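A.B. asks: Just dropping this structure here.
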Amino acid sequence: MEKIVNNEISILIIYTGGTIGMVNDPKTGSWKPFDFDHIKKQMPELNEFGFKLTTLTFEDVVDSSNITPDFWIHLAELIEENYNDYDGFVVLHGTDTMAYTASALSYLFENLSKPIVITGSQLPIGTLRTDGKENFISAIEIAAAKKNKQPLVPEVSIFFENKLHRGNRTTKHNADYFDAFRSHNYPDLARAGINITYNYSAIHYPVIKRDLKVYHQLDRDVAILKIFPGITPAVVEAITNIEGLRGLVLETYGSGNAPTEEWFNEKITRAVDKGIIILNVSQCKAGSVEMGVYETSLGLMKAGVISGKDITTEAAVTKLMFLLGQNYTRQEIKEYLSKSMRGEINV
Ligand code: ASP
């Protein structure tokens with residue numbers, strides 16, 4: 001760990017990898033993660049902040065396509081160990097799985113009362129037109145922002161381009177442009193222009209101060225099944241027969257609709273009956289699952305599939321990992337799936 005400036009507000013920056021810190025490998029011509037010193041060299045601005053910045057680098061910095069649930073637990077533990085010593089946290093992360101990491105972290109922290117702002121960039125920080133500097137600087141400002149000594153955004157959030165989103169509401173929607181993230185079903189938490197304007201009514205503020213609780217288990221026995229016209233019994237069979245499978249995100253059409261063919265309902269019913277918890281999530285980016293509106297979702301409802309409401313796939317699969325990782329009963333898991341635990345769904 002290395003101190004950059006010493007002052008009143010203290011922010012811990014955790015560098016995990018991602019495009020923001022990548023350099024071009026002359027051998028392959030591809031971008032690969034590099035060390036934090038490289039970022040620091042490109043950003044003398046870091047010395048101009050009026051608060052204490054401390055940096056911590058992951059042992060193995062990664063392209064976020066290599067992120068795993070163990071990584072999320074390690075990241076949560078790093079924040080937990082340093083929680084009392086800092087006012088806020090900034091996580092530098094690749095964009096590809098950033099929405100998954102933000103969702104997973106949101107579940108792992110209960111009663112969070114400090115900001116965890118995740119950011120990265122579409123162009124490496126060493127490139128002329130990089131979006132990394134602005135993203136990084138704004139993320140630090142947001143993590144440090146306070147009013148009456150209280151943090152302005154005590155949530156797990158993602159800052160990108162000029163918007164701050166609730167982390168478990170985001171999805172990476174663009175691979176090319178700087179506004180890479182969208183939160184289709186929840187308003188932005190803040191916008192950065194000349195000033196950073198906070199959308200106070202959308203930000204979660206704890207009413208009663210409770211002690212932080214950090215969870216350390218996630219269960220990987222989950223899968224995602226995206227239906228499509230022409231899906232065959234063999235595909236559904238293969239997924240629902242995975243040994244040890246405990247949770248399944250079923251990506252359906254529109255408001256939660258699926259084929260009414262007998263074989264489909266029969267396989268889904270069998271999967272539920274043998275104990276797999278199935279969460280119905282829409283393939284649409286915006287809007288909500290509402291089973292029963294169309295005849296084409298009645299079968300799923302009867303089979304005991306749970307409505308994911310307006311949850312994103314990223315928040316759904318990580319919620320299943322989280323719930324299955326704790327010692328909850330099947331009934332409790334079903335109840336938690338229908339509730340908002342960290343603001344991930346509208347109920
Ligand atoms: N592949 C990179 C990553 O997710 C992409 C990025 O950071 O934008 O690490």
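The values are calculated or read from the model by the stated rules, or taken from the named source; none is laboratory data. This one's a predicted model, so the numbers in the text were calculated from it and none came from an experiment. Ideal geometry is used to build each Cβ from the backbone, glycine not excepted, and the neighbour counts take in all protein chains shown. Ligands, DNA and RNA are stripped out before the accessible areas are found, and what is left, the full protein with its side chains, is counted by its heavy atoms. Shrake-Rupley method; radii C 1.70, N 1.55, O 1.52, S 1.80 Å.
A.B. asks: Return the carbon/sulfur percentage of the accessible area of the chain, one whole number, probe 1.4 Å, all protein chains in place. List each step's numbers first, then the result.
C.D. replies: Values: 7600 of 15730 Å².
In the chain, the share of accessible area belonging to carbon and sulfur is 48 percent.
A.B. asks: Further question: Using the Karplus equation 6.51 cos²θ - 1.76 cosθ + 1.60 (θ = phi - 60°), what ³J(HN,Hα) coupling, rounded to whole Hz, does each residue of the range 45-56 give in order, writing x for Gly and Pro?
C.D. replies: 4, 4, 7, 8, 5, x, 10, 7, 10, 10, 10, 9
A.B. asks: Applying 1/(1 + (r/R0)^6) with R0 = 41 Å to the Cβ-Cβ distance of W263 and T329, what FRET efficiency is obtained, to the nearest 0.05? Please report the intermediate quantities before stating the final value.
C.D. replies: Values: r = 31 Å, r/R0 = 0.75.
About 0.85, to the nearest 0.05.
A.B. asks: I need the P(r) histogram for the range 262-347: all alpha carbon pairs, bin width 10 Å from 0 out to the longest distance, whole percents.
C.D. replies: Result, from short to long distances: 17, 49, 31, 3 percent.
A.B. asks: Separate question: In sequence order, what are the phi-derived ³J(HN,Hα) couplings for the range 133-138 according to the Karplus relation 6.51 cos²θ - 1.76 cosθ + 1.60 with θ = phi - 60°, rounded to whole Hz, with x for glycine and proline?
C.D. replies: Per residue, the Karplus-derived 3J(HN,Hα) values read 5, 4, 4, 5, 5, 5 Hz.
A.B. asks: Next question. Please list 3J(HN,Hα) in residue order for the range 158-164, calculated via the Karplus relation 6.51 cos²θ - 1.76 cosθ + 1.60 where θ = phi - 60°; whole Hz, with x for glycine and proline.
C.D. replies: Here the 3J(HN,Hα) series is 10, 9, 8, 6, 9, 10, 10 Hz.
A.B. asks: Considering only protein heavy atoms, what per residue accessible area in square angstrom results for the range 211-281 with a 1.4 angstrom probe?
C.D. replies: About 47 Å² of surface per residue is accessible.
A.B. asks: Next up: Taking a probe of 1.4 Å, how large is the accessible area per residue of the range 1-148, in Å²? Intermediate values should be presented prior to the final figure.
C.D. replies: Values: 6130 Å² over 148 residues.
Spelled out: the 1.4 Å probe surface of the range 1-148, per residue, equals 41 Å².
A.B. asks: Follow-up question, since we're still on this one. Restrict the search to the range 152-214; then list the trypsin sites (Lys or Arg not before Pro) that DSSP places in a loop and that have at most 11 other Cβ atoms within 10 Å of their Cβ.
C.D. replies: Sites meeting the loop and neighbour criteria: K209, R210.
A.B. asks: Can you tell which of A315, I231, L212 lies farthest toward the positive end of the dipole of the range 212-347, using +1 and -1 charges on the Cβ of basic and acidic side chains (Lys, Arg; Asp, Glu)?
C.D. replies: Highest projection toward the positive end goes to L212.
A.B. asks: Could you sort out which of K114/K339; K32/K226; K41/K285 sit more than 28 Å apart by Cα distance in this structure? Before the final figure, lay out each step's value.
C.D. replies: On the way: K114/K339 23 Å; K32/K226 31 Å; K41/K285 39 Å.
Going by Cα-Cα distance, K32/K226; K41/K285 fall outside the 28 Å limit.
A.B. asks: Follow-up. Please give, to one decimal in nm, the separation of the simple spin-label points placed at D37 and K339, each 7 Å out from Cα toward the Cβ.
C.D. replies: My value for the distance between the label points is 4.9 nm.
A.B. asks: Hey, another quick one. Pull up all non-local amide H partners of I224: gap of 5 or more, or a different chain, and H-to-H distance under 5 Å with H placed in the peptide plane.
C.D. replies: Amide H to amide H, under 5 Å and 5 or more residues apart or across chains, I224 pairs with V249.
A.B. asks: Dipole size in debye (nearest 20) for the chain around its Cα centre, Lys and Arg Cβ +1, Asp and Glu Cβ -1? Please list the in-between numbers first.
C.D. replies: Values: 35 positive and 43 negative charges, 147 e Å.
In total the dipole reaches around 700 debye.
A.B. asks: Quick query: amide H of A190 versus all other amide H atoms, modeled in the peptide plane; which residues come in under 5 Å with a sequence gap of 5 or more or a different chain?
C.D. replies: For A190, whose amide H was placed from the backbone, the distant partners under 5 Å are L164, N199.
A.B. asks: Okay, next question. Where does the chain land on Rg(C-alpha)/(2.2 N^0.38 Å)?
C.D. replies: Scaled against compact globular proteins, the figure is 1.03.
A.B. asks: Quick one: work out Rg over Rh on the C-alpha atoms of the range 211-258, Rh as Kirkwood radius. Present the calculation step by step, with values, prior to reporting the outcome.
C.D. replies: Details: Rg = 14.8 Å, Rh = 12.9 Å.
A ratio of 1.15.
A.B. asks: Same structure, new question: Treating cross-link reach as a plain straight distance, find the aspartates and glutamates whose alpha-carbon is under 13 Å from the alpha-carbon of K40, omitting any fewer than eight places away in the same chain.
C.D. replies: Candidates past the 8-residue exclusion: E2, E48.
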